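Student: This is the structure I want to talk about, given as structure tokens.
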Amino acid sequence: MDWYQLFDAVADSVNPLLALTAIFFAVREWRSASPRVALLFAAATALGLAGIYAVQALDDHAAIWRRWGGDYSTHAAFATSVIVSLIAWWPRRRLVLIGVLAAYLVLVVLMGYHRIVDVATASGAGVLVTAPWQIAAIRLARSARRPAPR
């Protein structure tokens, strides 16, 4: 196996491993903390992922990235969305997660799949469509923990 094939295999495995990590986190939360918290995490994560595919559909229809000479990187947006979701609920691991995302985005560029501007803008879109759902889910989880006013 040459280096290209090895790095191609690594690049192909990042998003499935991130998805499995998110599922693992949700199951762990379900079992150890609260089914409600796990459901909020899963719902916000799913809505963030739906958002990146909505952006892709919008780009397919309106050729937003193509007008700039670019290409929307669904893979970069997916990785960013899942990592934003994991950071929202697992902040102690944020440095590791950011490192994984940075390494993946660099790999995507070095492999020639996308240009820096493509992964940067797609990652920005991933943050924009995911963060609001995660913020809302965290607020709902916190409000559920507070005692009701008398």
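The values are calculated or read from the model by the stated rules, or taken from the named source; none is laboratory data. Not measured: the values here are computed from a predicted model. So basically every Cβ, Gly included, is an ideal-geometry build from the backbone, and we count neighbours across all protein chains shown. Areas reflect the complete protein model, heavy atoms only, side chains present, ligands, DNA and RNA absent. Shrake-Rupley method; radii C 1.70, N 1.55, O 1.52, S 1.80 Å.
Student: So if I check each of 27, 108, 37, which one is closer than 21 Å to residue 125 by Cα, among the β-branched types (Val, Ile, Thr) and within 19 Å of the chain's Cα centre (by Cα)?
Tutor: The conditions single out 108.
Student: If you go through the range 40-71, how many residues are open to solvent by 30 Å² or more (accessible area, probe 1.4 Å), farther than 30 Å from residue 142 by Cα and of a type in the set (A, V, I, L, M, F, W, C)?
Tutor: The number of residues fulfilling the criteria is 4.
Student: Quick check: is even one residue across the range 2-9 among the hydroxyl-bearing types (Ser, Thr, Tyr), in contact (Cβ under 8 Å) with a residue 24 or more places away in the chain, loosely packed, with under 13 Cβ neighbours inside 10 Å and part of a helix (DSSP H, G or I)?
Tutor: Yes, some residue in the range 2-9 is among the hydroxyl-bearing types (Ser, Thr, Tyr), in contact (Cβ under 8 Å) with a residue 24 or more places away in the chain, loosely packed, with under 13 Cβ neighbours inside 10 Å and part of a helix (DSSP H, G or I).
Student: Under the condition of being of a type outside the set (A, V, I, L, M), outside any helix (DSSP H, G or I) and at pLDDT below 95, which residue from the range 115-150 is farthest from residue 83 (Cα to Cα)?
Tutor: 150
Student: For residue 38, indicate whether it is among the small types (Gly, Ala, Ser), farther than 24 Å from residue 102 by Cα, part of a helix (DSSP H, G or I) and free of Cβ contacts under 8 Å to residues at least 24 places away in the same chain.
Tutor: yes
Student: So, of the residues in the range 72-110 that are outside any helix (DSSP H, G or I) and modelled with pLDDT of 95 or more, which turns out to be surrounded by the most Cβ atoms within 10 Å (Cβ to Cβ)?
Tutor: 73
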